[in-house]
Structures are given as structure tokens and as C-alpha cells.
Amino acid sequence: MVLLHLDMARIRSVKDKWGPLFNLVLGLCLMGVVFVAGLAVFMYVEGWGFIDSFYMIVITLSTVGFGEIHPLSERARLFTAMIIVCGVGNFAFIVSSFTRMLVDGHLHNLMWRRKVQKRIDKLENHYIICGYGRIGHVVVQEILKVSQDVVVVEADEKLVERLKREGIMHIAGDATNDKLLIDAGLKRAKSIVTALTDEAANVYVCLTARQLNPGISIIARANDASHITRLEFAGANKVVLPHMIGGVRMAHTVLRPTVTDFLDLAVRGHIDLQLEQLSLGASSVFIGKNLMDSNIRKDFDLIIVAIKRAEGDLVFNPGPREQLCAGDTLITLGRQTDLQRICELL
């Protein structure tokens with residue numbers, strides 16, 4: 001009984017994994033069993049050769065109405081009748097399963113998922129977003145303004161349908177499933193954002209992402225400040241508390257409304273002014289120069305707000321004698337066209 005229970009549980013697991021395709025595959029497998037059984041009847045019960053047996057089972061299962069190749073014994077006729085009943089019934093089951101897939105749109109969804117998976121398999125240095133709720137939706141929309149290389153992992157069927165309507169690459173399923181994360185291109189991704197409502201799920205995603213891709217940048221959502229240490233220990237580079245950010249933002253809007261409005265314009269791009277981070281490569285023409293000699297302000301009309309050193313130190317409001325080194329990240333403010341021009345020299 002225990003073994004039977006385990007086998008049934010395993011079958012249900014496979015059925016859930018394959019979905020509507022399970023019945024079609026099951027029908028084809030059963031048809032194969034009937035075919036092999038019929039072949040064995042004609043070869044070993046009647047003693048026919050392989051060619052005659054193969055031809056007989058084909059015309060029997062296809063019910064074309066041809067006559068017997070050789071006279072059959074009563075026992076063989078009984079077996080043949082059983083083969084016809086099983087074959088016809090199984091064929092009807094296959095047809096009904098395939099028809100149901102067409103009517104319900106499962107076949108179209110299957111082909112669409114394969115098409116999306118092929119696009120995902122070609123991505124490099126892309127972004128993975130786990131969860132497309134209120135937070136995940138905002139994250140995706142902001143990233144899409146800069147890059148189309150975004151893959152969302154979402155389990156909710158309504159949100160999956162929304163992703164499909166919006167044309168966003170996604171994988172339907174639980175983000176804590178290692179295989180789904182690998183299918184989303186975790187090993188090739190640049191960054192992963194885990195914005196799930198379940199705190200334990202976020203921790204698990206962080207652990208999995210850090211294990212499968214040690215160099216990936218992980219941003220995790222937390223619902224409580226006490227969970228920050230846990231998520232950082234699990235591998236998160238940054239932990240964000242949405243409610244705290246919202247509260248701080250509202251307070252700043254009350255206390256410093258003009259500053260907040262300016263930052264909104266700069267960050268959201270409502271004017272031709274943008275805050276951007278620029279990384280200095282080893283071959284950059286600015287390496288070894290100070291800010292004055294680099295002529296960044298003069299030639300590109302950009303304001304250097306801060307410099308983040310390769311070792312992680314931040315230099316706010318750097319002076320004209322501040323040296324630029326390989327690996328530095330410049331926090332700049334300027335027009336989009338000027339930012340694009342300077343990127344060619346980095």
C-alpha cells in the first residue's frame with residue numbers, strides 16, 4: 001500500500017509538471033504498448049515472421065478492413081479482438097486529448113513558451129525579477145526604460161496572463177524552483193531582484209542565486225528591518241524595505257519639496273537631465289587625471305556629484321584635484337546626449 005501510494009504521488013507529480021500534455025503522451029505510450037503486445041501475439045502465438053506480424057498489427061489497429069494474411073487460430077482471434085478494442089479506444093483517447101489541447105489553447109501556449117524560452121536562452125547579462133506584484137511590476141517597468149533584457153519569474157496565473165499581454169519575457173512557476181531559475185538564465189544574468197512577499201522564499205532565492213552564480217548582483221525585498229541581516233547572510237548585495245523607502249520619501253516631500261521635485265525630474269527623465277553612473281575602465285582616457293585636467297565639466301557639461309572608489313569608498317562633492325582611477329564609478333548629472341558622448345571614452 002505504501003509503494004502504491006508513492007507511485008500514485010509520483011504520477012500526480014509528473015502530471016502536474018507536464019500539464020495538459022500528460023494525457024497526450026500517456027495515450028501515445030499506451031498505443032505503443034498495444035502495438036508491441038499485438039506484434040508479440042502474431043510472432044510468438046501464431047509463429048509468423050516479423051514482416052507479416054508487423055503488417056497485420058498495422059492493418060488491425062488502423063481498422064482498414066483488409067483480410068487476414070494467414071488463417072488465425074481461435075486464441076489468436078480472441079487476442080486480435082482485444083487488440084482492436086484497446087487500439088480503437090486508445091486512439092479515441094489520443095484524439096480527444098489533442099482536441100482538448102487545441103480548444104483550450106494549451107498547444108498554442110506550449111509553442112509560445114518554447115519561443116520565449118529560445119529568446120531567454122540567447123540572453124547575456126540580463127535582469128531576472130522574481131515576483132510581478134506591486135513591487136516587482138515597478139521594478140520591471142523601470143528597467144524596461146533602459147533595457148529589454150528582463151525575465152520575470154511569476155507563479156500567479158493572473159499575473160502570468162498580464163505578463164503575456166504586455167509582451168514581457170517570463171517563466172511561469174515558483175521562483176524557489178532551482179530549475180526555473182536556471183531556465184531564466186540565472187548563470188548568465190547580471191542581476192536578480194527577488195521581490196516575493198514570502199520572506200523565506202526571498203532567502204531561498206538569494207541562497208540559490210549566490211550558489212549558482214557567485215558573481216551575480218542580488219537585490220532582495222524585506223518586510224522588516226530585522227530580516228536585513230538574514231538576507232545579507234543568504235547572499236543579497238542590497239536589501240530594500242519598500243515601506244521604509246515610501247515613508248522616508250513622504251517625509252522628504254513634506255520637509256524638502258523642491259529637492260524632491262528636482263530628484264524626480266532628474267531620475268525619472270521628465271526633463272533632459274539625468275543622474276547616471278559611469279564606470280571607468282582600465283583603458284579610459286581619464287585614468288590618472290584629476291577632475292580639473294579631465295575637462296569633463298568643460299567638454300561634456302557634466303556635474304560630478306560623487307565618486308565611488310573601486311574598494312567601495314564614496315567621495316561626495318569631489319574637488320578639482322580629486323584623482324580618477326581605474327574601477328572608479330562616477331555619479332554624474334547631465335543631459336542624455338552628453339552622457340552618451342562621454343560613454344565612448346570610458
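A short reminder: the numbers here are calculations on the coordinates, not readings from a lab. Because the structure is a prediction, the values reported are computed rather than measured. Ideal geometry is used to build each Cβ from the backbone, glycine not excepted, and the neighbour counts take in all protein chains shown.
Using only Cα atoms and rounding to the nearest 10 degrees, what angle (0 to 90) does helix 257-268 make with the longest principal axis of the chain?
Tilt relative to the chain: about 50 degrees.
Please state the shape class of the stretch 272-343: rounded when a/c is under 1.5, otherwise prolate if a/b exceeds b/c and oblate if not, all from the C-alpha gyration tensor.
It comes out rounded by the Cα gyration axes.
Quote the convex hull volume per residue of the chain, based on C-alpha atoms, as a whole number of Å³. Numbers along the way, then the final one.
On the way: hull volume 77.8 nm³, N = 346.
For the chain, the hull spanned by Cα atoms encloses 225 Å³ per residue.
What full-extension length gain, to one decimal in nm, is calculated for Glu124 and Phe22 as 0.36 nm per residue of separation minus the Cα-Cα distance?
Working it through step by step, the gained length comes to 33.5 nm.
What are the ³J(HN,Hα) couplings of the stretch 287-293, residue after residue, when phi is run through the Karplus curve with 6.51, -1.76, 1.60 and θ = phi - 60°? Round to Hz, x for glycine and proline.
Values per residue, Gly and Pro as x: 5, x, 9, 8, 4, 5, 6 Hz.
Using a 10 Å cut-off around each Cβ, can you sort Lys289, Lys158 from fewest to most neighbouring Cβ atoms?
Lys158, Lys289
Taking the chain as the reference, fit the longest principal axis to its C-alpha atoms, fit the long axis of helix 157-166 to the helix C-alpha atoms, and give the angle between the two in degrees, 0 to 90, nearest 10.
The helix 157-166 is inclined about 70 degrees to the chain.
Could you tally the net charge around Met292, taking each other residue with its Cβ under 10 Å from the Cβ of Met292, Lys/Arg +1 and Asp/Glu -1?
Local net charge: +2.
Considering all alpha-carbon pairs of the stretch 202-327, what whole percent are spaced by more than 18 angstrom?
Value for the stretch 202-327 (Cα pairs over 18 Å): 69 percent.
No solvent, one uniform scatterer per C-alpha: report log10 I(q)/I(0) for the stretch 176-224 via the Debye equation at q = 0.16, 0.27 1/Å, two decimals.
Log10 I(q)/I(0), no solvent term: -0.38, -1.03.
Taking neighbour counts of Cβ atoms within 10 Å as a proxy for exposure, in what order, fewest first, do Glu142, Glu154 appear?
Values: Glu142 11, Glu154 24.
Exposure proxy ranking, most exposed first: Glu142, Glu154.
Relative to the present Cα-Cα distance, how much length would full extension add between Lys238 and Val254 at 0.36 nm per residue of separation?
Length gained, Lys238 through Val254: 3.1 nm.
Taking the Cα atoms of the stretch 66-189, report the difference between the largest and smallest coordinate on each principal axis, in whole Å and largest first.
That works out to 75, 28, 25 Å along the principal axes.
If the elastic network links every pair of Cα atoms under 10 Å, which of Cys206, Cys130, Cys29 fluctuates the most in the Gaussian network model of the chain?
Of Cys206, Cys130, Cys29, the Gaussian network model singles out Cys29 as fluctuating most.
List, in the order given, every pair from Lys115/Lys190; Lys122/Lys145; Lys115/Lys187; Lys122/Lys238; Lys115/Lys158 whose Cα-Cα distance in the structure shown is over 25 Å.
Over 25 Å apart, Cα to Cα: Lys122/Lys238.
Leu333 to Leu346: extension gain in nm, 0.36 nm per residue of separation minus the Cα-Cα distance?
Gain on stretching Leu333 to Leu346: 3.1 nm.
Specify the angular offset, from 0 to 90 degrees and rounded to the nearest 10, of the alpha carbon long axis of helix 134-144 from the longest principal axis of the alpha carbons in the chain.
80 degrees
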